[in-house]
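Everything below concerns the one structure shown next.
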Amino acid sequence: MYKIAIKDLNTLFSKIAEEQELILPIKKAGQYNFGVYEEGCDIDGILTNKTVKSGKDAFFPQFETLYNVRKKITPADELENGEEAANTKIRTKLTIEAEALKDKDFVIFGMRACDVKGVEVLDQVFLTDPVDNYYKARREHGIIVALACHEPEESCFCTVFGIDPADPSKSKADVATWIVGEELCWKPITEKGEALTKKIESLLASADDSAVDAEIANITSIMDKLPNTKLSLEGWGKGKTDEKFNSDVWQKIYTPCLGCGTCTFVCPTCQCYDIKDYTTKDGIQRYRCWDSCMYSDFTLMAGGQNRTSQVQRFRQRFMHKLVYFPDRYDMYSCVGCGRCVDKCPQSLNIVKVIKAFENEQKEAGANV
Amino acid sequence: MQGLIDRLTALLSDGTVARVIGWKKGDMAYNPEPHMFETAESLKDFVYDGFCGANLSKMMIEASKLEGKTAVCLKPCDTYSFNQLIREHRVVRENAYIIGVGCRGKLDIEKIKKGNKGITSISGTELDGSDDIKIETIYGDKNISYKDALLDRCHVCKGKDHMIFDEVWGESKDTADQERFAEVEKIEAMTPEEKFAFFRNELSKCIRCNACRNVCPACSCRKCIFDNTKFDAQQKANVVSFEERMFHIIRAFHVAGRCTDCGECSRVCPEGIPLHLFNRKFIKDIDKFYGEFQAGKDPEAQSPLTDFTFEDIEPGERG
């Protein structure tokens, strides 16, 4: 275990950024979002404030080019054969340039235990067959420095999914850190984490492992007091498709849903994307971007399928997190970060959905 | 609030209305949600407090198509949106029974959360509540003034009168204490470079969730141009950095002359982008070039951008 004074963090960040790209929460126009560290960027409050988006972009960006197709037409007078010169098809050459995979290490600082679990969820999808090369390259080169949640918020409920926000060393992060008084404690967990620590050792002082015990105990007791950490997942998970899919609760609760993409875009685990071609001046840019099951054109097929109403789209999102994903990968794909709870314009969210089903069950029980 | 619930219950029970659009109690201290109540019994979950900022007028587009009348709770500023929707033939006046609910300004939870984490309860935010609200958090309790926690839009309140209603419940208060166009003037005074930097900084946060569009009562097209799948660009991502600006500017143009300045776009933006500034700039210019105009004040009034007069300003003139 190591430590560094919080007032010296900028020196630490600057040192890390000397050797590799550093992504961390940055305050910009009043909001906290993960971004690339630059000298002079605003890091005030980044240790204690929840970012709007989760940091998922570091591994799976909202928008990325997959490849470019370029068209080159040789001018007619450069061709000797007259017949060839007259044929535009022959004169046109297409070249395909695949976007380079990430080949340099980078550090992402300040993810929370829930965010790291979110990456684990993405791993299930992108690192299993067929493997997503773009994602895999970023995962291989990314070094995650996770931060224990010094001040959990009322929207947090990660413990419901078995995540420990007090001790990120239990997560899949490479380094775990804690705020202890005026210092940040730093504990490498993996080989990657050890290697990073070695590079910045000159800035760190050694600390006793027990230095973080009080902080862990404190966070754990705060989590106990938060309203949503008592949420019950009974009735969700594997094998519940028919029961939950056909429930009439969806119809009762979906109405306020605007069909915007806020919940999906701030979510650390939403992994659906769309692929499209963008016509540029001299070719085509094939790109992919996050999609949202809340949008009317999500998985839209020529025949007008797949989901034609907002209640179906609404149901899809929660069924995916709480039933389909557990069915397929044996884990929930909600990590309880609470961002949708904070950000839904209509104050609808996964917690309310779970509670609505729980109430329905109770009422049904009372009526028997 | 019980008086309002009683009145709504009576309206439902005597068959005046078939349903009620209002707000349903949240599961936290500050998150009531817009809701359609279909039975008198379900009104036990009805709530009306400082966090009922959502403008419910747009929900009447769908409710207008249903059998029977719908009671809809509208705050004074929401009634402007409703009038505008009547003018655009998007809602059917006869199918609505408008309860003009009193308003003393609505609260901005983002402002309250700054410095107040772990909120377990907030009290005193009802219409007849106190000047101070009490915030209890797991980290300690605090009192703050209701006024300091108001949404920005309430500081430029359009007034306490409902523009359209069938009956009014509760007293309203004009909460305006700032110049409506002060923020716009501040930006107008910037150099072009400063303006560009300001908007780029704000709009670069945009995550293209479309919450601003979907909540906007003026954005009531059955199918948005940005949802067109034949588009090269996407409505869900910024393909080029220009796009994040383009989307919002096109939207501002599209709602120009129709935007009532209800401020929902800025209220719902997950990234806190002051989107209302675009619309308010248009409103200011319309006032200047065509004479003072408030969209939604009178559903019969001529609209400056869609009605031609010989006095209209010529393109290129700057007044």
Out of B:PHE308, B:ASN279, B:GLY291 - ranked by how far each Cα lies towards the positive end of the dipole of chain B, with unit charges on the beta-carbon of charged residues - the top one is B:ASN279
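Please compute the average number of Cβ atoms from other chains found within 10 Å of each residue's Cβ in peptide B:265-273.
On the way: counts 1, 0, 1, 7, 4, 15, 10, 4, 3.
Whole-number average of other-chain Cβ neighbours for B:265-273 is 5.
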For the stretch B:182-290 (alpha-carbon point model, no solvent) the Debye-based log₁₀ I(q)/I(0) at q = 0.11, 0.12, 0.19, 0.24 Å⁻¹ works out to -0.35, -0.41, -1.05, -1.54
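Ignore the peptide's own chain and count Cβ atoms of other chains within 10 Å of each Cβ in A:346-352; give me the average, rounded. Walk me through the numbers before you get to the answer.
On the way: counts 10, 13, 4, 5, 0, 3, 6.
Averaged over the peptide's residues, the number is 6.
Over the stretch B:182-290, what is the relative contact order in whole percent, taking alpha-carbon pairs under 8 Å and six or more residues apart? Working shown, then result.
Values: 80 pairs, mean separation 36.5, N = 109.
Across the stretch B:182-290, relative contact order equals 33 percent.
Find the eigenvalues of the gyration tensor of the Cα atoms of chain B, then list the square roots of 5 times those eigenvalues as equivalent ellipsoid semi-axes, largest first, in whole angstrom. Please report the intermediate quantities before stating the final value.
On the way: eigenvalues 206, 130, 79 Å².
In descending order, the three semi-axes are 32, 26, 20 Å.
For each of B:HIS89, A:HIS141, count neighbouring Cβ atoms within 10 Å of the residue's Cβ, then give the residues from fewest to most. Please list the in-between numbers first.
Numbers: B:HIS89 7, A:HIS141 18.
Ascending number of Cβ neighbours within 10 Å: B:HIS89, A:HIS141.
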Distance in Å, no decimals, from the C-alpha centre of the stretch A:11-78 to the one of the stretch B:265-295 is 31
Expressed in angstrom and ordered largest first, the alpha-carbon extents of the stretch A:241-367 along the principal axes are 67, 34, 31
For A:ARG138, A:ARG307, B:ARG200, B:ARG222, ascending order of other Cβ atoms within 10 Å (fewest first) is B:ARG222, B:ARG200, A:ARG307, A:ARG138
Note to self: C-alpha centroids of the stretch A:311-368 and the stretch B:110-149 sit apart, in Å, by 28
Sorted by chain and number, the residues with a modelled amide H under 5 Å from that of B:ILE98, at a separation of 5 or more or across chains, are B:VAL72, B:ASP166, B:GLU167
Listed by chain and number, the lysines with an alpha carbon less than 18 angstrom from that of A:LYS172, same-chain partners under 8 positions apart left out, are A:LYS56, A:LYS117, A:LYS136, A:LYS187, A:LYS192
Hull volume per residue for the stretch A:96-182, using the convex hull of the C-alpha atoms, in Å³ is 122
One checks the Cα atoms of chain A and finds Rg and Dmax, in Å, of 24.2, 89
In order over the stretch A:299-316: 3J(HN,Hα) from phi, Karplus 6.51/-1.76/1.60, θ = phi - 60°, whole Hz, x for each Gly or Pro, gives 6, 5, 10, 4, x, x, 6, 10, 10, 9, 10, 5, 5, 5, 5, 4, 4, 4
Too long for a 27 Å Cα-Cα cut-off, among A:LYS343/B:LYS25; A:LYS104/A:LYS281; A:LYS362/B:LYS69; A:LYS102/A:LYS276; A:LYS170/A:LYS225; A:LYS104/B:LYS117, are A:LYS104/A:LYS281; A:LYS362/B:LYS69; A:LYS104/B:LYS117
From the Cα centre of the stretch A:180-212 to that of the stretch B:1-26, the distance in Å is 59
The size of the Cβ-based charge dipole (Lys, Arg +1; Asp, Glu -1) of the protein assembly as shown about the Cα centre, to the nearest 20 debye, is 1140
The answer for A:VAL180, listing residues at least 5 apart or on another chain whose modeled amide H is closer than 5 Å to its amide H, is A:CYS185
Given unit charges at Cβ for Lys, Arg (+) and Asp, Glu (-), the dipole magnitude of the stretch B:182-290 about its Cα centre in debye, nearest 20, is 420
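What ranking of A:LEU12, B:LEU203 emerges when the number of other C-beta atoms within 10 Å of each C-beta is taken as an exposure proxy, fewest first? Don't jump to the answer; show the numbers that get you there.
Numbers: A:LEU12 19, B:LEU203 22.
Listed from fewest to most nearby Cβ atoms, that is A:LEU12, B:LEU203.
Going by average Cβ density within 10 Å per residue, which order do the peptides A:16-29, A:87-100 take, highest to lowest? Mind dumping the intermediate values first?
On the way: A:16-29: 18.8, A:87-100: 11.1.
Answer by packing, highest mean first, reads A:16-29, A:87-100.
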Rounded to two decimals, the Rg over Rh value of the stretch A:307-359 from Cα coordinates and the Kirkwood Rh reads 0.98
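Can you give the charge dipole size of the stretch B:135-232 about its Cα centre, rounded to the nearest 20 debye, using +1 on the beta carbon of Lys and Arg and -1 on the beta carbon of Asp and Glu?
Working: 16 positive and 19 negative charges, 121 e Å.
Once rounded to the nearest 20, the dipole reads 580 debye.
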Stokes-Einstein, Kirkwood over Cα pairs, the protein assembly as shown, 10 °C, 1.306 mPa s; D in µm²/s equals 58
Phi angles of the stretch B:144-153, converted by Karplus (6.51 cos²θ - 1.76 cosθ + 1.60, θ = phi - 60°) into ³J(HN,Hα) in whole Hz with x for Gly and Pro, give 10, 7, 4, 4, 5, 9, 5, 4, 3, 4
Of A:195-202, B:252-259, ordering from highest average Cβ density within 10 Å down gives B:252-259, A:195-202
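What does the structure give for A:257-269 when I average, per residue, the other chain Cβ atoms found within 10 Å of the residue Cβ? Before the final figure, lay out each step's value.
Details: counts 3, 10, 3, 10, 10, 9, 3, 3, 8, 4, 0, 0, 0.
For this peptide, the per-residue mean of nearby foreign Cβ atoms is 5.
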Applied in sequence order to the stretch B:107-120, the curve 6.51 cos²θ - 1.76 cosθ + 1.60 (Karplus, θ = phi - 60°) yields integer Hz couplings, x standing for Gly and Pro, of 8, 9, 5, 5, 5, 5, 5, 5, x, 10, 9, x, 5, 10
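Every read-out reported here was derived from the displayed coordinates using simple, explicitly stated rules and does not represent laboratory data. The model shown is predicted, which means the values in this text are computed figures rather than measured ones. Backbone-built Cβ (ideal geometry, glycine too); neighbour counts: all protein chains shown.
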